[in-house]
Amino acid sequence: MDYLDTLSDFAANLDYSALDDAQREQAGWILADTVAAMAGGSAEPEVRALAARQPRSVEAEGALMVGLGRRSHREASAFVNGTAGTFLEMDEGNRFSRGHPAVHAIPAALALAEERKRPAEAFLAAMVAGYEVGSRLGAASALRGALHPHGTWGTIGAAAAAARVAGAKPGAMREAISLSASLATATSKQTMLEGGLVRNTYAGLSNRNGVLALDLVESGFTGERDGPGSLLGQVLSDRFDRAAVVQGLGQDWHFMRNYFKLHSCCRYNHGTLDALDKLAAGEGLPTFDQIERVEVLTYHLAAELVDPAPRNTLAAKFSVPFAVATRLVTGASSLSSFTWDALRDERALALAKKVTVREDPAMSARLPLERPSRVTLYLRDGSTRVGEAGVNRGDDASPYTREELRAKFMDLTARIWPQAHAKELLEATLALAQLEMPMAPWLALLARAPQAV
């Protein structure tokens with residue numbers, strides 16, 4: 001029995017009801033956070049245009065596209081929901097896998113669970129199985145530097161989630177996992193640095209291809225004997241530790257050590273923004289016109305985000321200089337600080353040009369347990385102010401409160417739904433995760449059409 005047999009047996013037989021209350025609570029917040037990211041992203045014009053191009057299903061058939069008030073074929077809905085979920089850069093992630101496992105698994109599980117009328121326990125088991133499979137494969141590999149992590153190992157997580165919804169036995173689960181490795185995409189990191197909006201489809205492609213993998217297996221198609229080993233040991237990554245994939249499986253849960261995001265931008269910016277938040281909470285921040293220049297020392301991944309003049313809102317979310325500037329100008333780092341209006345603010349653009357970003361190898365060595373940054377503000381009066389962060393807020397070592405996550409849910413969903421409906425959906429989602437609500441009424445809440453915007 002090799003590592004893939006062990007992983008497949010785990011995914012096929014995961015018993016969600018056996019999780020304890022704390023684990024189900026965490027699963028509920030991961031589901032709620034991902035639903036909010038999908039709902040908030042659905043308000044973007046590109047997502048709405050993409051959804052309108054998908055084949056429409058008749059009422060009560062097909063799978064819903066969250067926040068869009070319409071349904072389509074399961075693969076199309078999984079694709080659109082996965083795309084919407086990453087559009088605002090607010091989806092949860094995992095520092096060990098260096099990616100975003102939930103948004104790569106939940107849309108696929110949701111589309112199939114709805115179409116096949118599966119109970120809540122099957123859907124939730126699929127969500128956790130897909131999360132663990134994807135995150136563990138990501139953590140056991142080292143993707144090449146030019147790759148974006150979205151769309152790679154997440155495709156395998158989506159396939160595992162889809163197969164778990166379908167009730168696949170361990171043998172069929174292994175086939176789905178191995179076959180789906182051939183459907184992963186070689187995604188480019190440069191798209192995020194340049195603001196190429198195609199980047200927002202990578203998680204959508206993972207979910208679509210995860211559903212497709214199940215269709216292929218159920219149709220009799222086969223994959224390699226060890227698809228993940230080929231993909232992550234040779235094609236996309238040169239290092240793949242098979243033993244690490246199953247180490248602590250079912251005991252050391254990756255989803256219990258995830259992170260949530262309140263800064264509406266790339267996670268690599270968060271250490272720098274946390275450092276500014278610490279300054280703000282202490283001696284306070286100067287006004288933007290008091291600042292002569294800003295120096296940021298950080299780890300190597302964050303030090304790549306150096307564009308001082310991002311061309312669109314996506315590029316802005318992957319720019320340390322702009323993140324620093326908009327935080328100092330707007331006083332926040334939420335959704336409104338990375339909109340087109342914020343990007344056109346001449347004060348922020350001028351200040352971004354005064355921000356330099358450099359790698360500190362000692363900080364890079366502190367990954368993955370910390371994602372550190374040190375920010376030095378040089379003021380026009382000759383004084384300096386220094387802020388520093390190690391563990392990022394939102395990590396399990398420095399978690400956001402449930403009230404902070406509740407406020408985030410309401411903020412994101414307010415883009416499309418009335419407050420009363422969003423509150424009811426949040427409570428229903430948390431109840432669903434505790435197996436205190438059936439699937440059908442929860443789906444009915446999730447299917448609500450958007451209000452006029």
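Here are some residues: G151, G134. Which one is open to solvent by less than 10 Å² (accessible area, probe 1.4 Å), free of Cβ contacts under 8 Å to residues at least 60 places away in the same chain and assigned to a loop (DSSP other than H, G, I, E, B)? Even if it seems obvious, please write down each step before you answer.
Details: G134 fails: assigned to a loop (DSSP other than H, G, I, E, B).
Every option except G151 fails the conditions.
I'd like to know if the range 369-390 contains one or more residues that are out of contact with any Phe, Trp or Tyr (no Cβ under 7 Å at 6 or more places or on another chain), modelled with pLDDT under 95, open to solvent by 50 Å² or more (accessible area, probe 1.4 Å) and within 30 Å of S141 (Cβ to Cβ).
Yes; the residues of the range 369-390 include at least one that is out of contact with any Phe, Trp or Tyr (no Cβ under 7 Å at 6 or more places or on another chain), modelled with pLDDT under 95, open to solvent by 50 Å² or more (accessible area, probe 1.4 Å) and within 30 Å of S141 (Cβ to Cβ).
So which of A440, A428, A444 is in a helix (DSSP H, G or I), under 27 Å from Y16 (Cα atoms), open to solvent by less than 50 Å² (accessible area, probe 1.4 Å) and among the small types (G, A, S)?
Going through A440, A428, A444 in turn, the sole match is A428.
Among the numbered criteria (1) part of a helix (DSSP H, G or I); (2) in contact with a strand residue (DSSP E or B) (Cβ under 8 Å, 6 or more places away or on another chain), which single criterion is violated by K408?
Among (1) part of a helix (DSSP H, G or I); (2) in contact with a strand residue (DSSP E or B) (Cβ under 8 Å, 6 or more places away or on another chain), the lone unmet condition for K408 is (2).
Quick one: R257 ticks every box in (1) under 26 Å from D396 (Cβ atoms); (2) open to solvent by less than 30 Å² (accessible area, probe 1.4 Å); (3) within 17 Å of the chain's Cα centre (by Cα) except a single one, so which number is it?
(2)
In a helix (DSSP H, G or I), buried (at least 24 other Cβ atoms within 10 Å of the Cβ) and touching a helix residue (DSSP H, G or I) at 6+ places or on another chain (Cβ under 7 Å): does that describe A122? Quick ask: steps written out before the conclusion?
On the way: in a helix (DSSP H, G or I): yes; buried (at least 24 other Cβ atoms within 10 Å of the Cβ): no; touching a helix residue (DSSP H, G or I) at 6+ places or on another chain (Cβ under 7 Å): yes.
Spelling it out, it is not the case that A122 is in a helix (DSSP H, G or I), buried (at least 24 other Cβ atoms within 10 Å of the Cβ) and touching a helix residue (DSSP H, G or I) at 6+ places or on another chain (Cβ under 7 Å).
Just checking: which of the helices (runs of 4 or more DSSP H) contained wholly in the range 161-269 hold 3 or more residues that are touching a Ser or Thr at 6+ places or on another chain (Cβ under 8 Å)?
Numbers: elements: 170-181, 190-194, 202-218, 227-230, 242-246.
It comes to 170-181, 202-218.
To keep it simple, each residue is scored yes or no on (1) part of a helix (DSSP H, G or I); (2) closer than 30 Å to E403 by Cα.
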| position | (1), (2) |
| --- | --- |
| W29 | yes, yes |
| T34 | yes, yes |
| M38 | yes, yes |
| A49 | yes, no |
| S57 | no, no |
| G67 | no, yes |
| R71 | no, no |
| A76 | yes, no |
| V80 | yes, yes |
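Please pick out the residue among R406, R358, R448 that is at pLDDT below 95 and either touching a Gly at 6+ places or on another chain (Cβ under 7 Å) or not aliphatic (A, V, I, L, M) (or both).
Exactly one residue qualifies, and that residue is R448.
The values are calculated or read from the model by the stated rules, or taken from the named source; none is laboratory data. Given the structure is predicted, the values throughout are model-derived calculations rather than measurements. Note that each Cβ is placed from the backbone with ideal geometry, even for glycine, and that neighbours are counted across all protein chains shown. Just so you know, the surface numbers come from the protein's heavy atoms only, side chains and all, with ligands and any DNA or RNA stripped out. Shrake-Rupley method; radii C 1.70, N 1.55, O 1.52, S 1.80 Å.
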